[in-house]
Each structure stands twice: as C-alpha cells, then as structure tokens.
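For reference, the structure is listed below as structure tokens.
None of the figures in this text is laboratory data; all of them are computed from the coordinates on show. All values reported here derive from a predicted model rather than from experimental measurement. Note that each Cβ is placed from the backbone with ideal geometry, even for glycine, and that neighbours are counted across all protein chains shown.
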Amino acid sequence: RRPRELDGVRFLVSAGPTYEDIDPVRFIGNRSSGRMGFAVAAAAAAEGAQVTLVAGPVHLPTPRGVERVDVRSAREMREAVLERAGASDVFVAAAAVGDFRPRDVAPHKLKKASADSGLDLSLVQNPDILAEVAALDPRPFVVGFAAETERVEEYARAKLERKRLDLIAANEVGAGLGFEREDNALLLLWPGGREALDRGDKADLARALVARIARLRKPVGEQ
Ligand code: C5P
C-alpha cells in the first residue's frame with residue numbers, strides 16, 4: 001500500500017450550519033448541508049489523519065474512521081472547537097457559522113398577539129471561531145472558507161490576510177452555485193500562491209484541498 005500523506009496528523013474540522021434558537025420551537029440558521037466539511041473529514045481520514053469533526057445540525061452519516069461531535073449553536077461549536085484546537089495540527093473551518101443569534105431565547109413559544117402583529121428580533125454577534133483559533137499560540141495550520149457572491153479572489157485574499165490564515169478555500173455562491181449542492185468549484189489561496197480547482201464533486205475537491213494542506217505543511221524544499 002502506498003504511504004499515506006497524513007499518517008498521525010491530527011485534523012479538526014467544523015462543518016454544517018449553526019442553529020440559533022428564538023424560542024423552544026423556532027430558530028434562525030444558515031443554509032448549509034455540511035457536505036463540504038464532511039468530505040474534507042473523509043478525505044483527511046483516508047490519508048491517515050486522526051480526524052475530529054465538529055458538526056452542526058445536518059443529516060449526514062459520519063465518515064469512516066472519523067470522531068464526530070454534534071453541536072447546535074455557534075457558541076456550542078466554539079466550545080467544542082476551542083477545547084480541541086490546541087491539540088490539533090490542522091483546523092479546517094468549513095462550518096457556515098451564523099454571524100448573529102437572538103439576544104434572548106424565549107423560554108416559551110412566542111405567541112401572535114393579534115392578526116397583524118409582527119415580531120422584532122434583536123440580534124447580537126456570535127464569536128468568530130476561525131479568528132479565535134488563528135489567534136492561538138501555538139496554533140494549528142488554519143484553513144478557512146470564503147463564500148463570496150462577487151470579486152471572489154480579491155475578497156478571499158483580503159480575508160486570508162485579515163484573519164491571518166494559512167490557506168483559504170473560496171467559492172462563488174448565488175445563482176445556483178455553492179450551497180446545498182453536490183458539486184462546487186474552489187479557488188485555493190495561501191500566502192504567495194493559488195490553485196484553481198475546477199468544478200467537481202465535493203469529494204474530489206476535498207481530496208485536492210487535503211493534498212494542498214499536506215504540501216503546504218511540509219518544510220519548504222520538500223513541497
Ligand atoms: O468572515 P466569514 O464569515 O466569511 O468567514 C468564513 C470563514 O470563517 C469560514 O471558514 C467559517 O467557517 C469561519 N467562521 C467561523 N466562525 C464564525 C464565522 C465564520 O469559524 N462566527
């Protein structure tokens with residue numbers, strides 16, 4: 001058997017949306033199937049990595065050989081990720097974390113007061129999990145995703161630098177692209193380099209992303 005690229009390398013992957021509760025029966029969430037993150041976890045495990053997958057609410061089976069931690073809200077995801085990030089070699093933030101959550105969670109189901117009454121929701125910002133992991137010292141090799149509707153490369157490169165990431169995987173969303181789909185196209189950007197991955201199956205894209213991570217982690221000269 002060929003030697004596997006990532007034998008023993010510890011991967012931590014976040015995937016899926018987060019759900020932020022409004023009351024016991026309602027939530028606000030992001031559109032995310034979790035497929036990209038699950039595919040990254042599967043691809044890393046197939047290369048011999050020891051993978052922990054922190055998953056928001058999704059309907060996907062756990063990839064073979066992967067340890068899975070299920071969470072619901074951004075704050076739960078943050079806790080699960082930060083507990084493990086220090087003991088990880090690579091962190092891949094593939095989750096579509098909700099940027100905002102309701103300021104208060106109503107303990108009982110909210111009722112309509114009258115036929116035409118509305119509801120004002122007050123939202124507060126969620127923690128940026130990726131930025132927190134990137135600020136750790138020492139820190140894992142940090143990989144972020146960027147979903148953009150325009151000027152993909154420019155915005156993604158700015159995000160790479162602003163969040164001090166080691167690698168960013170950017171994709172164009174909107175107009176039938178990206179979310180809740182089986183295929184995708186990714187642009188990988190890192191300090192001093194880029195690689196465009198053509199539209200393909202999320203499993204193929206995940207394998208290419210994992211291969212790029214393996215190369216970038218090697219000392220210069222062995223790449
Ligand atoms: O800034 P933006 O939300 O577009 O960044 C997207 C990247 O940041 C993704 O990798 C996502 O998983 C991560 N992220 C995070 N925590 C947040 C928001 C985004 O980890 N609260």
Does at least one position in segment 137-147 carry a residue that is surrounded by fewer than 14 Cβ atoms within 10 Å (Cβ to Cβ) and closer than 22 Å to VAL54 by Cβ? yes
Scanning segment 117-170 for residues that are within 8 Å of the ligand (Cβ to nearest atom) and either assigned to a loop (DSSP other than H, G, I, E, B) or on the phi > 0 side of the Ramachandran plot (or both) gives ASN126, PRO127, ASP128, LYS163
Among residues of segment 90-116 being of a type in the set (D, E, K, R) and more than 8 Å from the ligand (Cβ to nearest atom), the residue surrounded by the most Cβ atoms within 10 Å (Cβ to Cβ) is ARG101
request  = Evaluate the following for SER14: is it within 18 Å of LEU130 (Cβ to Cβ), in a strand (DSSP E or B), hydroxyl-bearing (Ser, Thr, Tyr) and within 11 Å of the chain's Cα centre (by Cα)?
outcome  = yes
Apart from one, (1) more than 16 Å from the ligand (Cβ to nearest atom); (2) in contact (Cβ under 8 Å) with a residue 60 or more places away in the chain all hold for ARG64; the odd one out is (2)
Residue set LEU189, LEU205; condition closer than 17 Å to PHE145 by Cα, in contact with a Leu (Cβ under 6 Å, 6 or more places away or on another chain) and in contact (Cβ under 8 Å) with a residue 60 or more places away in the chain; output residue LEU205
